[in-house]
Amino acid sequence: MKVMIVVTHLLGTGHLSRALTLARAFQTAGDTVQLVSGGFAAPQLNTSDITLVQLPPLRSDGVNFTQLLTPDGVAVDAQYHTARQAALCDTLQAMQPDILITELYPFGRRSLRQEFLALLRMAQALPRPPKILASIRDILAPPSKPEKATKADAVIAEFYDGVLVHSDPKATRLEVSWPVSDMLASKLRYTGYVAPAAAGLHPQALGAGEVLVSAGGGSVGDEIYHCALQAARLMPDTPWRLLVGGNDAGDRMKALRQIPSPARIEAARSDFRQMLSHVAASVSMCGYNTALDLMQANTPAVLIPFDAGREVEQGLRASSLLPLHGFEMLRTADLTPERLVTAVNAAMVTPRRDASDLHFDGATRSVEIAHELVAGAAR
């Protein structure tokens, strides 16, 4: 089968990372896959084995997701949107996929609704329309107004054959963060968590005994890094390492190195997941992919949910993880070096957790669901 996955990450790289895992699962099943990305390039993510179509890229202006910027930092205009839409629809027309997956939309990316709607309408008009699925993480940003959920429902009802919810319902159901109507409930397909295979041990046991501080692949988390640099001075017998992401990582690391601290500072690493199996503790935000990495590696962790711009998704996810052993949480407003040290020490002395009863095979299950839908339509 031919599969087209459409994703645009605006701040971090979690959406693209999850889409890549899905793409690899379809390829493993023998499908031909094109992943269409509308965000900035993410060099820390391996895309060499995936056919990736790059739209004219854009990003959000920090946490202002309604203000979109070009690589030059200029506000996106109508001409730029038109070029993206044309490239997206041309890719669909050329591929004629059997399965079309939109990542997050229509539950988010409302600022890009025109290009998504053009894509969906063209897909429905193809001689052999594809099965259309939405792909969403465990917890969404709750709609700020009831009409946003109503409008998403209308798009789902008109265009979509199903909604892949990448969660284990034993842990988190969509109702935690999004109003689920009877119509939407009939479309939901829980897949389990979409995660690559557990990374396992690092060949050099890199990170052993360290406190590893990270903030994902975006240009965020400076308050965590600044606090960690001071916290490291309060734990002189424990090495701290900061991994800094984002397109401006070089400039940010240069600024962080001006702060006196014994902590090591370096750019985000591709072997981060393997390091988690060895570290004494992790300090991070609580994005979807980071949470899964921590659960798979059984890493003691202090979670500092991203909450800028009234974001609540990560806070909801972090709260859902606290019943598991080895998780501590600090709100950004409560973050001090002393409290961070206390939380790190608490996480390190807690018995190692066991997440073996949760399902991390969501990518494989997503492929099975999509194939079942296509097979059912062919009967």
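The values are calculated or read from the model by the stated rules, or taken from the named source; none is laboratory data. All values derive from a computational prediction rather than experimental measurement. Reconstructed Cβ throughout: ideal geometry from the backbone, glycine too, with neighbour counts over all protein chains shown. Note: areas computed on protein heavy atoms with side chains; ligands, DNA, RNA excluded. Shrake-Rupley method; radii C 1.70, N 1.55, O 1.52, S 1.80 Å.
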### Task
Given the options S261, S366, S282, state which has the largest fluctuation in a GNM of the chain using a 10 Å cut-off (strictly under) for Cα springs.
S261
### Query
Which residue, chosen from T91, F40, F159, occupies the Cα position most advanced towards the positive end of the dipole of the stretch 35-194, where the dipole is computed from +1 (Lys, Arg) and -1 (Asp, Glu) charges on Cβ about the Cα centre?
F159
### Task
Express the accessible area of the stretch 36-94 per residue in Å², computed with a 1.4 Å probe while the remaining protein chains stay in the model.
51 Å²
### Query
When DSSP beta bridges are limited to those with both residues in the stretch 63-197, what percentage is antiparallel, rounded to the nearest 5?
5 percent
## Note on the structure
If every Lys and Arg gets +1 and every Asp and Glu gets -1 at its Cβ, then about the Cα centre the stretch 284-379 yields a dipole, in debye to the nearest 20, of 40 debye
### Message
Over 22 Å between Cα atoms: which of K148/K187; K151/K187; K148/K170; K2/K131 fall into that group?
### Response
K148/K170
### Query
Based on DSSP H assignment, which helices of the chain show an axial Cα extent of at least 15 Å together with a mean Kyte-Doolittle hydropathy greater than or equal to 0.0?
14-28, 113-125, 222-234, 337-349, 362-378
### Task
Once you have the Cα-Cα distance between E223 and S356, take 0.36 nm times their residue separation minus that, and quote the gain in nm to one decimal.
44.6 nm
### Task
Could you provide, to the nearest whole Å², the per residue accessible area of the stretch 165-208 with probe 1.4 Å?
46 Å²
### Summary
At the level of C-alpha centres, the distance separating the stretch 134-184 and the stretch 273-293, in angstrom, is 27 Å
### Query
Once the whole set of protein chains is in place, how much accessible area is left on L294, using a 1.4 Å probe, in Å² to the nearest 10?
0 Å²
### Task
Just the number, please: percent antiparallel of the DSSP beta bridges in the chain, rounded to the nearest 5.
10 percent
### Task
Convert each backbone phi in the stretch 353-359 into a coupling constant with the Karplus relation 6.51 cos²θ - 1.76 cosθ + 1.60 (shift: θ = phi - 60°), then list the ³J(HN,Hα) values in order as whole Hz, x for Gly and Pro.
6, 9, 9, 5, 8, 9, 9
### Selected from N247, T150, G192, residue furthest toward positive end of dipole (the chain; charges at beta carbon)
T150
#### Entry: Inter-label distance for T32 and L45, nm, one decimal - labels placed 7 Å from Cα along Cα-to-Cβ
2.4 nm
### Computed over the chain, Kirkwood Rh from alpha-carbon pairs, angstrom
21.4 Å
### Message
Tell me the accessible surface of C286 in square angstrom (1.4 angstrom probe, heavy atoms of protein chains only), to the nearest ten.
### Response
0 Å²
### Task
Using the Cα centre as the reference, give the magnitude of the dipole from point charges on the C-beta atoms of the chain (Lys, Arg: +1; Asp, Glu: -1; all else neutral), rounded to the nearest 20 debye.
200 debye
### Query
Roughly what % antiparallel, to the nearest 5, for the DSSP beta bridges in the stretch 25-138?
35 percent
### Task
Give the carbon-plus-sulfur fraction of the accessible surface of the chain in %, rounded to a whole number; probe 1.4 Å, heavy atoms of protein chains only.
52 percent
### Query
Classify the stretch 240-280: rounded, prolate or oblate, from the alpha-carbon gyration tensor (a ≥ b ≥ c, eigenvalue square roots; a/c under 1.5 rounded; otherwise prolate if a/b is larger than b/c)?
oblate
### Query
Scattering from the C-alpha atoms of the stretch 1-122 alone, worked out with Debye: what is log10 I(q)/I(0) at q = 0.10, 0.16 1/Å?
-0.28, -0.73
### Message
Could you report the stretch 229-379's accessible area per residue, 1.4 Å probe, as an integer in Å²?
### Response
46 Å²
## Note on the structure
Here the gain from full extension of E372 to R257, 0.36 nm per residue of separation minus their alpha-carbon distance, amounts to 36.1 nm
#### Entry: Compactness index (Cα Rg / 2.2 N^0.38 Å), the stretch 322-363
1.49
### About the Cα centre, charge dipole magnitude for the stretch 135-201 (Lys/Arg +1, Asp/Glu -1 at Cβ), debye
140 debye
